[in-house]
């Protein structure tokens, strides 16, 4: 077999393998992904028993600890719709009212139960657009 | 702006202007072009020498058969000689133009 | 002084614009003095950025609260070292750090190539200055570090307690150094393609710059992993967080480039691939910076509604478009000079290594940006988690470790199958032995981990064999004793043997990753004082609580107003192992609405994780004390009621009472214990990688060309030379 033909075959094999792997990757990403959802979307669209990745802001004054259970409310980033979440598991250090959180929840009755250890809190905005004037002492 | 800040700003401006404008006096450039070509050929030469040494080390550590080593080493030495020829030609050209060859 | 800082920025951007113009004018009109002036503009820029940075540092150290960034990130009680680091705790300050490091590294790079690659360097100068101008423009237009407020506050908000960790001092400067160093090869790549000079000297210079970027980015990534490992809720040492991934992507591109560059050096191949990698490195570095600041992706790292997204998108778009244009329009210069001689060659191994690294980068890129991709394609934002990443990256990592053992033992250009097999025999035997040993030790249920151990053993054996054979050859030819021969071998072949050390480090690192992720044990018990729990053969006993009040007595020296923790006695088989002291620090929120006592502990709470590390295992403990227990709440409410907000000393006494109550009537506390095998090998591996990289980056001593009698082997005749300066 002449070298040019060998090279063409190698190229075709390599490209086919790459395309196959990429397709598998892309397909599994869509099937394995958790849709991110805001509280207002959750209220309207949530199906009991299905998991959703809820993202929003912790409502000020809503955090309650009951033993190992943490209850809090999550509201839309821009808006007032809020959902109550009942969560057990690790609470990350940055968790605080007013902070943005991501938690995997499923609807059970009127409550949203957080999956254990699924709570992620974004760090307080060090890259915020407005300075925290309220925290400055004059 | 306060006085100290203004003074520091003026000092900063002065330093910046000095750094940036110093080369704007005439500089010879023909020699630099030759130096650039020579530098590239010398880099090629060093790279080729390194390849020859790598091949020798590969052979002595048992990664190359005798035949493969002879073939590869021969090809590399031919390429090295071609580069040395080009460096010689450049040196001749520099001598002919009366420019000093850059120190190797 | 703020005006001096802003003035320095303004002067900086003027210098950038001048330098761009002077460099391009000089190279187009063939006038060295303008090219030189352009190059020196980079030095001048560095001076202005040092000045601006110094203004901000002085403001922080002198507690000048008129500066907004100082008031937002520092306070009187912030420890000195954290005050120094507070510069890069804010958006504005971190942009200034970026601009400073970019100017400094660009100055060094241009100084090192002074007098060489004249035309390439001129265009590279223009590109580097353009990037600096962009960052200064961001500061002047969107996030000025020198904005002030009058009247100035009487006290600052303090550094976010989450950032009060020693790694804060070094992680951001290392990451930013890595990012800014990625721009240097990008700039020289642009210069090379514009001038159509993709030659040997350019390659030599590019290798060093890429290696420098790779080293710094690697250090920054490992420091970030170490920091993340030591914090609660940050996903352990690696959580496939968007910002972690963003730093890994240019590092993977740099790793691929360092390897494929050698193929271009030796065989004149893969020129298009290498040019693409160089451009990818720079673009991915800017994308990484963009991810942290734009808020487009969720991450534990900081973002918010920052407005820097649009300028970054424009810059990234320009970089991608420009890169594609240059590669396509210069494809004649990038044509390969040779083809692959043999599939069984080091070139092939490196090519495969590049494909694996590209595959890894694609997987990580896709997973990281999937929320945006899915929203664009389906209208719903969705994200993939760690299991998805692990599914694809683990097999690729296995292949990578295997290749790190195959590459060193195969020759360049061609190797015979019999030869290759002979050289691989010992490493294969070692791999099998490791497999048998691991399975014999009762390790089961984690086949991928066992395979990783075997492949790592293979790679270590292959490298050890290389060192052994090379030392033996040198000892024989020089008559030196083996230790001296080994040093001489490494000195003369720094690139090769430094690279081998990096491979050792990679193997060690992946041993640590495989062991700690596959065989970790973790429990989250709620314990009363005196209770204990068993985990992986260790008994963790909650001996007693701890409490401390005021920054002065804070054991972690982080400025916590109240710190509650635990003493955990660890035993195994009845024998004492160690004592762990996890704690949680509570910080001042600065919000008077929380009450005179409430605000002192109403801010960010930070877990101070307790770690006990040995080469065999890590013991990791965190505690979440119940600060809202009724007995403590009672004291807090009484204190809020009785003490006015402007009497902090009295409020601190109430905190002390709370601390004492916590010690006397300790509520149940929630703990998180982990026993992770061999985590220390991750850090040891990283250190070895760093050493190998440093050895590889330094130039070998000049080899003296010796006059030897050399005849060019058949078939070509000797060309009129009996003696040559070609070294033996």
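Every read-out reported here was derived from the displayed coordinates using simple, explicitly stated rules and does not represent laboratory data. From a predicted model like this one, the values you see are computed outputs, not experimental measurements. All Cβ positions, even for glycine, are placed from backbone atoms using ideal geometry, and neighbour counts span all protein chains on display.
Note on residue C:641 and residue B:78: their simple-model spin labels are 9.9 nm apart, each label 7 Å out from Cα toward Cβ.
Computed over the range C:521-611, the Cα gyration tensor eigenvalues convert (square root of 5λ each) into semi-axes of 31, 13, 10 Å, ordered from largest to smallest. Taken along the Cα-to-beta-carbon direction at a fixed 7 Å, the label points for residue C:441 and residue C:320 span 4.6 nm. Let me know the shape class of the range C:8-149, please: from the alpha-carbon gyration tensor, a ≥ b ≥ c as square roots of the eigenvalues, rounded when a/c is under 1.5, otherwise prolate if a/b is greater than b/c, or oblate. Prolate is the answer for the range C:8-149, as a/c is 1.5 or above and a/b outweighs b/c. Between the helical axis of C:242-267 and the longest alpha-carbon principal axis of chain C there is an angle of about 10 degrees. Taking only the Cα atoms of the protein assembly as shown, the radius of gyration and Dmax are 30.9, 103 Å. Per residue, the Cα convex hull of the range C:137-208 amounts to 137 Å³. Given R0 = 30 Å, the distance between the Cβ atoms of residue B:91 and residue C:114 translates into a calculated FRET efficiency of 0.85.
What is chain A's relative contact order, in percent, from Cα pairs under 8 angstrom and six or more apart in sequence? Relative contact order comes out at 19 percent. Put in order of Cβ neighbour count within 10 Å, fewest first, the listed residues C:150, C:259, A:96 become C:150, A:96, C:259. Remark: relative contact order (chain C) = 10 percent; criterion is Cα-Cα distance under 8 angstrom and separation of 6 or more residues.
Per the Kirkwood formula applied to alpha carbons, the range C:502-659 shows a radius of gyration over Rh ratio, Rg over Rh, of 1.10.
Between residue C:332 and residue A:21, the C-beta separation translates, for a Förster distance of 35 Å, into a calculated FRET efficiency of about 0.65. Per-residue ellipticity at 222 nm from helix content only, as computed over the protein assembly as shown with -39500 (n - 2.57) for each DSSP H run of at least four residues, stands at -20000 deg cm²/dmol. Counting neighbouring beta carbons within 10 Å and listing from fewest to most, the residues C:579, C:283 come out as C:579, C:283.
I need the calculated FRET efficiency for the pair residue C:691 and residue C:390, taking r as the beta carbon distance and R₀ as 22 Å, to the nearest 0.05. Efficiency computed from Cβ-Cβ geometry: 0.15.
Relative protection proxy for B:73-81, C:409-417, from highest mean packing down: C:409-417, B:73-81 (other beta-carbon atoms within 10 angstrom). Among C:372, C:504, A:63, the order by Cβ neighbours within 10 angstrom, fewest to most, reads C:372, A:63, C:504.
Helix C:91-112 and the long axis of chain C differ in direction by around 20°, with both axes built from C-alpha atoms.
How far is helix C:386-409 tilted, in degrees, relative to the longest principal axis of the Cα atoms in chain C, given as a value from 0 to 90 rounded to the nearest 10? That works out to roughly 40 degrees. Peptide A:89-102 has a mean of 5 when you count, residue by residue, the C-beta atoms of other protein chains within 10 Å of its C-beta. Taking every alpha-carbon pair in the range C:450-507 and binning the separations at 5 Å intervals from zero gives 4, 21, 25, 20, 14, 9, 5, 2, 0 percent. Spacing of the modelled spin labels on residue C:478 and residue A:64, each 7 Å from Cα toward Cβ, amounts to 7.6 nm. For the segment B:5-13, counting C-beta atoms of other chains within 10 Å of every residue's C-beta and taking the mean gives 5. For the peptides C:429-437, C:2-10, residues were scored by their other Cβ atoms within 10 Å and the scores averaged per peptide; the highest-first order is C:2-10, C:429-437. Taking the alpha carbon gyration tensor of chain C, multiplying each eigenvalue by 5 and rooting it gives semi-axes of 49, 36, 21 Å, largest first. Among A:88, A:20, A:55, the largest mean-square fluctuation in a Gaussian network model of chain A (Cα springs under 10 Å) belongs to A:20. For the peptide C:43-55, the mean number of other protein chain Cβ atoms found within 10 angstrom of a residue's Cβ is 3.
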